[in-house]
Amino acid sequence: ELIQNKLLANFNTIKFVPNIAWNEILPLYWSCYPGNIADLGYVDQMFKLVTLQSSALAIYETTRTDNVSDFGVYFSNRDNGIPVYVDLSDLPMKSGIITNRNKMVIGPSGSGKSFTTNHLVNSYLDYNTHMVIVDVGDSYQRLCQLRGGKYLKFTESDPISFNPFFINTEEFDNRNENMKSASLKNKINIEAKDNLITLIFTLWKKNVDDATKDEQAIIREGLNEYYDHVEQSDVFMCFNSYYRFMVDVYFPKMNKEKESTLMNATSFENVLKMFYKGNEYDYLLNSTTNIDLINDKFIVFELDNIQNHPILYPVVTLMIMDVFLTKMRFLKGTRKVLLLEEAWKAITNQGMAEFIKYLFKTVRKHFGEVWIVTQEL
């Protein structure tokens, strides 16, 4: 629009009144794709833009032949229905056409977004890809059953549960030979620890940004001492044991050292109690089954039932971030994809928005992709 206004202003200086082709915006856009120049109407605007001779060169611009690549997806030639093998990720990266593999699928309701993405997901799974999907609407339930994936849907009778405090030391040691002798607190990646601290403040504060630097330092120190406590006492790592450690051990110690004025421990204890055993959300962060999802290649999180829940939705989205970040850190050389259906619902949460922003900057360095699927451009 800015360029259009500048053009109009410049045309006006030479007393030239241009005709703006409002009704032809879509054909103009579509005709720029390889092989689509025939959609550019000759009578209406073709003579203004290109010559007949230049349009003849369109025979060299086509998507109707297969890519020569070790990785690809079968699409269909829209003229005759013949399958066309296309590499949307690796070959364009190697050729310098694109700088990352991220994808966006946009279309109104009923336009075939979920049909397309189901096909993409199914094709990617054939290449040993780890798929993590955040869905609202059960679009991937049948594919998940077909491919033997893990389908996590939040219902009152069977809610989703996590355990972000658990560290699979055996898995960690197998992937990090030189860190076997490290203490438990040092086996947590900095990003993972920061994510855990963000989770704690999400549980506690109305807004994560409300946390003071003193509170952040205290929670970080308490987390480190909790994992030292785990190594010494061999308690099960989960929110329950973390909460008990903070209330029974860490806060009394903090009072003795006269640090209690830097943080409201009573508020922490009172607010986070709802996630402790015997209380309303005690199932959420104390799972003994979904402890480690790093080896599950196909995971679907169906969040339709909680997308407007002020407590559960922010916590669950943070857990999903942690799952994908763990795959990014540990699965070196393995293709991995995070697919966000109706992304606008996800990014209305500040924490999720910051996470997606971070992902788009870093995921390509870890052989990963982020796919956005939406009808709300």
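The values are calculated or read from the model by the stated rules, or taken from the named source; none is laboratory data. Because the structure is a prediction, the values reported are computed rather than measured. Cβ atoms come from the backbone with ideal geometry, glycine included; neighbour counts cover every protein chain shown. Just the protein is used for accessible areas: all its heavy atoms, side chains included, with ligands, DNA and RNA removed. Shrake-Rupley method; radii C 1.70, N 1.55, O 1.52, S 1.80 Å.
Overview of values
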read-out: Total residues in segment 114-138, condition in contact with a Cys (Cβ under 9 Å, 6 or more places away or on another chain) and among the charged types (D, E, K, R); value: 0
read-out: Check on Ile160, open to solvent by less than 20 Å² (accessible area, probe 1.4 Å), modelled with pLDDT under 90 and not in a helix (DSSP H, G or I); value: yes
read-out: Pairs where the first residue, in segment 211-237, is of a type in the set (S, T, N, Q) and the second is open to solvent by 20 Å² or more (accessible area, probe 1.4 Å), C-beta under 7 Å, 6+ apart; value: Asn224/Lys185
read-out: Some residue of segment 165-181 being under 28 Å from Phe330 (Cα atoms) and at pLDDT 85 or above; value: yes
read-out: Residue list for segment 4-19, filter: open to solvent by less than 90 Å² (accessible area, probe 1.4 Å) and either at pLDDT below 75 or aromatic (Phe, Trp, Tyr) (or both); value: Phe11
read-out: Within segment 243-265, considering residues that are exposed (fewer than 14 other Cβ atoms within 10 Å of the Cβ) and of a type outside the set (Val, Ile, Thr), the one modelled with the highest pLDDT; value: Asp248
read-out: Extreme residue, most open to solvent (accessible area, probe 1.4 Å), among residues of segment 202-212 that are at pLDDT below 90 and either touching a helix residue (DSSP H, G or I) at 6+ places or on another chain (Cβ under 6 Å) or more than 19 Å from Met274 (Cβ to Cβ) (or both); value: Asp209
read-out: Condition check for Asn118: touching a helix residue (DSSP H, G or I) at 6+ places or on another chain (Cβ under 7 Å), under 29 Å from Leu318 (Cα atoms) and without any contact (Cβ under 8 Å) to a residue 40 or more places away in the chain; value: yes
read-out: Which listed residue is open to solvent by less than 70 Å² (accessible area, probe 1.4 Å), at pLDDT 85 or above and within 24 Å of Ser241 (Cβ to Cβ), from Leu120, Leu143, Leu199; value: Leu199
read-out: Verdict on Val121 being touching an Asp or Glu at 6+ places or on another chain (Cβ under 9 Å), within 23 Å of Ile294 (Cα to Cα) and β-branched (Val, Ile, Thr); value: no
read-out: Filter result (without any contact (Cβ under 8 Å) to a residue 60 or more places away in the chain and either among the small types (Gly, Ala, Ser) or open to solvent by less than 30 Å² (accessible area, probe 1.4 Å) (or both)) within segment 123-140; value: Ser123
